[in-house]
Amino acid sequence: MPPRIAIPVPHSGDPEYAERALPQYERAVAMAGGEPVRIPLDQSPAEVMKIIERCDAVLLPGSKADIDPAKFNTERSTHTAAPDPRRDTVDELLLQDAYNMRKPVLGICYGLQSLNVYRTGSLIQHIPDFLSESLRSAVNHEAGRSVAIAHNVEIEPDSKLAEIVGPAALGADFSRGLDGEIKFAPTARKNALLLGVNSSHHQSAETVGDGLRAVARCPDDGVIEALEGTLPDHFVVAVQWHPERSVEEDEPSRAIFRALIEAGRERHTNLELQGNVR
């Protein structure tokens, strides 16, 4: 059977947005060989746990909400959107279960931010406020879905993410620049992988949470673009861009979802061998 991937409904207060966004994640999971499992936001924690305990991995999607800055002991910015407490509760249940049971985790956009705050990290509430005036116009992190490639990210060559999206593990220098072409080319930092990505966010990770490390940044302004877990036996990867939007035409985007599915399948197989599958 395909590994079952738990995906919370993106937003509890805007059904139209949620129904528009969620199928993209479900399609990407199915294309990679997984079975998407919707996790509702309107049920009790006990009911949610009954669903997620039978899942093999977790995908935390984007959202139109912003995380309540009180969760990382910061005053609210005027640019910070309203939180979604129901989504936050489900994300916390999913992450608690994933960390307790070593289930693979993939965070996307808001999902990265949710993961980082769960791990006691903090967020930049509005990227332009964080940047110097000279850098504010360098990159539009809020370019939106109409811009296929908004900017580049530099990926650490020794990271799991680099292993997933390019041939860095083979010692090659991989580049997919703003022109959208995949090619071998030098990057701004020696041995870093350069990848062109879309962008739809105004917040980002600031202080990196416990057991996580920053593995990609925007080279133009230093904004953190990807995190991953530091435990070698637990797949935890989060990206600030939206690979689900480009799985039809982009191999690195497909590779991210394949990696999650393979990690979920490996965990499920190991549990079967131990006789622990529910």
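The values are calculated or read from the model by the stated rules, or taken from the named source; none is laboratory data. Everything quoted here is computed from the prediction, not taken from an experiment. Note that we place each Cβ from the backbone using ideal geometry, even for glycine, and neighbour counts take in every protein chain shown. Please note that ligands, DNA and RNA were not included when accessible areas were found on the heavy atoms of the full protein model with its side chains. Shrake-Rupley method; radii C 1.70, N 1.55, O 1.52, S 1.80 Å.
Starting from the stretch 85-97, keep only residues that are acidic (Asp, Glu), then list their pairs with residues that are assigned to a helix (DSSP H, G or I) and surrounded by fewer than 20 Cβ atoms within 10 Å (Cβ to Cβ) whose Cβ atoms are within a distance under 8 Å, requiring at least 6 positions of separation or different chains.
Within 8 Å, the pairs are Asp88/Lys71; Asp97/Met49.
Six or more apart or on different chains, Cβ under 9 Å: which pairs go from a residue in the stretch 32-47 that's without any contact (Cβ under 8 Å) to a residue 12 or more places away in the chain to one that's surrounded by 14 or more Cβ atoms within 10 Å (Cβ to Cβ)? Could you list them?
Listed pairs, sorted by first residue: Gln43/Ile51; Gln43/Val90.
What's the number of the condition Leu59 fails, among (1) under 24 Å from Ser200 (Cα atoms); (2) of a type outside the set (Ser, Thr, Tyr); (3) without any contact (Cβ under 8 Å) to a residue 12 or more places away in the chain?
So Leu59 meets the others, but not (3).
Would you call Glu133 open to solvent by 10 Å² or more (accessible area, probe 1.4 Å) and at pLDDT 95 or above?
no
With (1) part of a strand (DSSP E or B); (2) among the aliphatic types (A, V, I, L, M); (3) more than 29 Å from Pro2 (Cβ to Cβ) as the list, and Val208 as the residue in question, which single condition is left unmet?
Status for Val208: all satisfied but (1).
Looking at the stretch 222-276, which of the residues that are in a loop (DSSP other than H, G, I, E, B), open to solvent by 60 Å² or more (accessible area, probe 1.4 Å) and under 18 Å from Glu53 (Cβ atoms) is modelled with the lowest pLDDT?
Asn276
What pairs come out if I take residues in the stretch 143-157 that are of a type in the set (A, V, I, L, M) and assigned to a loop (DSSP other than H, G, I, E, B) and pair them with residues that are open to solvent by 50 Å² or more (accessible area, probe 1.4 Å) and modelled with pLDDT of 90 or more whose C-beta lies under 8 Å away, six or more apart or interchain?
Note: no pairs meet the criteria.
Taking the stretch 55-98, which residues are in a helix (DSSP H, G or I), in contact with a Ser or Thr (Cβ under 7 Å, 6 or more places away or on another chain) and open to solvent by 30 Å² or more (accessible area, probe 1.4 Å)?
Arg86
In the set Arg27, Arg38, which member is in a strand (DSSP E or B) and either modelled with pLDDT of 95 or more or in contact with a Lys or Arg (Cβ under 6 Å, 6 or more places away or on another chain) (or both)?
So the residue among Arg27, Arg38 that is in a strand (DSSP E or B) and either modelled with pLDDT of 95 or more or in contact with a Lys or Arg (Cβ under 6 Å, 6 or more places away or on another chain) (or both) is Arg38.
Is there a residue being at pLDDT 90 or above and not β-branched (Val, Ile, Thr) anywhere in the stretch 176-190?
no
Among the residues in the stretch 211-221, are any open to solvent by less than 40 Å² (accessible area, probe 1.4 Å), among the acidic types (Asp, Glu) and either touching a residue at least 40 places away in the same chain (Cβ under 8 Å) or outside any loop (DSSP other than H, G, I, E, B) (or both)?
Scanning the stretch 211-221 turns up at least one residue that is open to solvent by less than 40 Å² (accessible area, probe 1.4 Å), among the acidic types (Asp, Glu) and either touching a residue at least 40 places away in the same chain (Cβ under 8 Å) or outside any loop (DSSP other than H, G, I, E, B) (or both).
In this structure, is Gly107 open to solvent by 50 Å² or more (accessible area, probe 1.4 Å), in contact (Cβ under 8 Å) with a residue 24 or more places away in the chain and either more than 20 Å from Thr207 (Cα to Cα) or within 14 Å of the chain's Cα centre (by Cα) (or both)?
So Gly107 does not fit the description; no.
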